[in-house]
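Notes follow once the structure below has been shown.
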Amino acid sequence: MKASDLFVKALEAEGVEYIFGIPGEENLDFLNSLKNSTIKLILTRHEQAAGFMAATYGRLTGKTGVCLSTLGPGATNFVTAAAYAQLGAMPILMITGQKPIKSSKQGQFQIVDIVDMMRPITKFTRQITSANNIPSLVREAFRLAEDERPGATHLELPEDIADEETSSGVIPKSSFRRSAPDQKSITDAVAMIQSAKRPLLLIGAGANRKQTSNMLTEFVDKLQIPFFSTQMGKGVVDERNPLFLGNATVSTNDFLHQAIANTDLIINVGHDVVEKPPFFMDHGKFNVIHVNYVTAAVDPVYYPQLGVIGDIANSIYQLKEQIEPQSHWDFTHFMKVKRHVEEHVLEGVTDHRFPIYPQRLVADVRKVMPSDGIIALDNGVYKIWFARNYKAHQPNTVLLDNALATMGAGLPSAIMAKIVHPERRVMAICGDGGFMMNSQELETAVRLKLDLVVMVINDNAYGMIKWKQANMGFDEFGLNLGNPDFVKYAQSYGAHGHRVDKETDVAKLLELCLATSGVHLVEVPIDYSDNDRILNREIKEKSQLISQQPAG
Ligand SMILES: Cc1ncc(C[n+]2csc(CCOP(=O)(O)OP(=O)(O)O)c2C)c(N)n1
């Protein structure tokens, strides 16, 4: 069999449904093999976007997303997406082409050492030097991409190897079950939780799996222990639950930090080292139980006293079965913190100023998104507003990147979410800065005939950095932008363009767009003038007031 045919067969055996990307000359054998395959090729307008799509496929399905590029410039365009997948624990395989390795008449034209370039941002990167090794290398790339902690893998297929003949056959996918936690660690955790006075549950990125979500919901329902989440743990347990305290969005001095200051035990489920823990571990103030697939990497802010290591859903199930609610548990102070968070989150939601107030915008989006609706955020200051104020009802319904925190992933990620869940409402939410980093993918969305709403929050600036600039006491400088006419820009791609003005009922417009087929770009002029007051000063002042109140 021809090597490129075997490569495609190996991908089919892994259950690959899509390959995203942009082929080059060096991929032509592979492309020809793909022609007769069950795998659908989705062309994008930039390799970075293809990588973001593949990573989001991995995030949503738990299966490896696959993307393809040529050598040199195509492959270098994968770098940000590789880092996005690697830091965000999303399984992907990047396949890149290369000039012939046995003999080439082209000198160094377009040749970059891609395998080495990928080394620090992948779990596995290899050049295929013999067609006979294709089955084992593909299998290994998938195994490693999906193994805990998931991440990025890369295979380079040189042109002459792709054209070789081989008698090797595909290695079938092997299934395995994750190991269960050690019994002693469960017994110790049960004792610690039962003897604690004010245990608090924290849900992080690694808990964002369906089974874990079910188990954690049962855990909270049975034990009635209050919980909060990190940005990437949003929605693992329905945030409408009365025991949900809030989201740890602002790093310090937020209301939730008052709950942390009052706890004596944090049960930290699915903590991922890429997301800063919302607490600094002060010796003696509280203990931490680390419930995860892998042991905690030690760093100066995080060194848990006990690890419950193994399949998280299984660990939570066992803890839930063995722990009984304790009459000495006292959550009064936590619930006081919750009331303050709720009051603060509700401020401004009915404010009718124009440009639109961020709190009001979040509330309007929530109104039109059903529980299973997905919002895919780009990176900007609105991410803080959404993480804090938007209550997620289900896991993976708020796709945000609090790992690499890159700009430009919002639209590709929303496109992917709509492909995976065509029956669900999906909205990309981007800043004007982030949107323009991958706005060319509007064409991909239109070509794929997706029903998608793309919100562009416009402040004509890199607002997040402006906010930090003000916070650090610097003069305003160097962060204002010019923008295209977004309505005409959308229309030029064959999408619908809408601009919110002072007469617009935002929720009504969004509802109309979501209910009408096609790609809709909605430009929302935003009023960020209170970001500094609310997110920097007010939260800090108000949360300090709680700390002065006697603990309940
Ligand atoms: C690729 C990339 N470049 C730069 C940054 C640094 N950065 C973080 S947020 C931000 C501004 C985002 O602006 P915009 O998308 O308009 O959203 P806004 O904050 O204005 O709501 C910048 C430059 C980044 N995170 N990623």
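The values are calculated or read from the model by the stated rules, or taken from the named source; none is laboratory data. Everything numeric here is computed off the predicted structure, so don't read it as measured data. We place every Cβ from the backbone using ideal geometry, glycine too, and count neighbours over all the protein chains shown. When the accessible area is computed, the model is the full protein with side chains, heavy atoms only, and any ligands, DNA or RNA have been set aside. Shrake-Rupley method; radii C 1.70, N 1.55, O 1.52, S 1.80 Å.
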In degrees, nearest 10, the alpha-carbon axis of helix 506-515 is tilted away from the dominant principal axis of the alpha carbons of the chain by 40
Whole-percent carbon and sulfur contribution to the accessible surface of segment 119-188 (1.4 Å, no ligands, DNA or RNA) stands at 48
For segment 284-356, the dipole about the Cα centre with charges only on Cβ (Lys and Arg +1, Asp and Glu -1), to the nearest 20 debye, works out at 140
Whole-Hz Karplus couplings 3J(HN,Hα) for segment 252-265, θ = phi - 60° and coefficients 6.51, -1.76, 1.60, Gly and Pro as x, run 9, 6, 8, 3, 4, 5, 6, 5, 4, 5, 9, 8, 10, 7
In segment 102-182, the trypsin sites (Lys or Arg not before Pro) that sit in a DSSP loop and have at most 13 other Cβ atoms within 10 Å of their own Cβ are 102, 105, 173, 177, 178
Filtered hits (aspartates and glutamates, Cα-Cα < 18 Å from residue 338, offset >= 8 within chain) -> 221, 238, 239, 254, 264, 330, 347, 538, 541
Each label sits 7 Å from Cα toward the beta-carbon; between residue 211 and residue 329 the label points are separated, in nm, by 2.4
On the accessible surface of segment 7-75, probed at 1.4 Å with all protein chains in place, carbon and sulfur together account for a percent value of 49
Taking a ≥ b ≥ c as the square roots of the Cα gyration tensor eigenvalues, with a/c under 1.5 meaning rounded and otherwise prolate when a/b beats b/c or oblate if not, segment 1-134 comes out oblate
Along the dipole axis of segment 318-463 (charges at Cβ: +1 for Lys and Arg, -1 for Asp and Glu; origin at the Cα centre), the most positive-end residue among 415, 371, 448 is 371
Yeah, segment 236-300 with a ≥ b ≥ c from its alpha-carbon gyration tensor (a/c under 1.5 is rounded, else prolate when a/b outruns b/c, oblate otherwise) is oblate
The ³J(HN,Hα) series, computed from each phi in segment 355-369 with the Karplus coefficients 6.51, -1.76 and 1.60 at θ = phi - 60°, rounded to the nearest Hz and given as x for glycine or proline, is x, 6, 7, x, 4, 5, 4, 4, 5, 5, 5, 4, 4, 9, 9
For residue 520, other-chain or 5+-apart residues with amide H closer than 5 Å (H placed, Pro excluded) are 452, 453, 454, 496
Placing +1 on each Lys and Arg Cβ and -1 on each Asp and Glu Cβ in the chain, then taking the dipole about the Cα centre, the residue among 179, 36, 194 whose Cα reaches farthest towards the positive end is 194
Extension length gain for residue 218 and residue 472 (0.36 nm per residue less Cα distance), in nm, is 87.1 nm
Within the chain, the percent of DSSP beta bridges that are antiparallel, given to the nearest 5, stands at 5
On the accessible surface of segment 488-552, probed at 1.4 Å with all protein chains in place, carbon and sulfur together account for a percent value of 50
Applied in sequence order to segment 47-61, the curve 6.51 cos²θ - 1.76 cosθ + 1.60 (Karplus, θ = phi - 60°) yields integer Hz couplings, x standing for Gly and Pro, of 5, 4, 5, 4, x, 5, 5, 4, 5, 5, 4, x, 5, 7, 10
Under Stokes-Einstein, segment 64-165 at 37 °C and 0.692 mPa s, with its Kirkwood radius over C-alpha pairs, diffuses with a coefficient in µm²/s of 241
If R0 = 22 Å, then residue 298 and residue 116, at their Cβ-Cβ distance, give a FRET efficiency to the nearest 0.05 of 0.15
Both in Å, the radius of gyration and Dmax of the C-alpha trace of the chain are 24.4, 79
Everything considered on the Cα gyration tensor (a ≥ b ≥ c; rounded for a/c under 1.5, else prolate if a/b is larger than b/c, else oblate), segment 361-474 must be described as oblate
Expressed per residue, the solvent accessible area of the chain in Å² (1.4 Å probe) is about 39
